[in-house]
Amino acid sequence: MDEAKAPGDYSDLKALFFNGTLKRSPEVSNTEGLIRVSRLIMEKQGVSTRVIRTVDHDNASSVYPDMRSHLLCQ
């Protein structure tokens, strides 16, 4: 007879979601809704999650050998 195995312990895992929406907070993001589904599944399994909405941060938008001189905020 096969015995059911206890579910794994994932409490030591962390998941980071990058939301690539073009809408700044607090505007509604459809991408956020899709992330929420996956995030809830992971959190139910004990995984710690975090979402970063990239449009809300200063990110260099191209590729150069030294990106520090190409930040949008300068």
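Below are the figures for this structure:
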| item | result |
| --- | --- |
| ARG24 being modelled with pLDDT under 95 and surrounded by fewer than 10 Cβ atoms within 10 Å (Cβ to Cβ) | no |
| Hits in the stretch 40-63 - residues which are of a type in the set (D, E, K, R), surrounded by 12 or more Cβ atoms within 10 Å (Cβ to Cβ) and under 23 Å from PRO7 (Cβ atoms) | GLU43 |
| Qualifying residues in the stretch 27-39 (those that are of a type in the set (A, V, I, L, M) and surrounded by 11 or more Cβ atoms within 10 Å (Cβ to Cβ)) - the one farthest from SER11 (Cα to Cα) | LEU34 |
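The values are calculated or read from the model by the stated rules, or taken from the named source; none is laboratory data. The structure presented is a predicted model; accordingly, all values stated were derived computationally and were not measured. Here the Cβ is made from the backbone with ideal geometry for all residues, glycine too, and neighbour counts use every protein chain on show.
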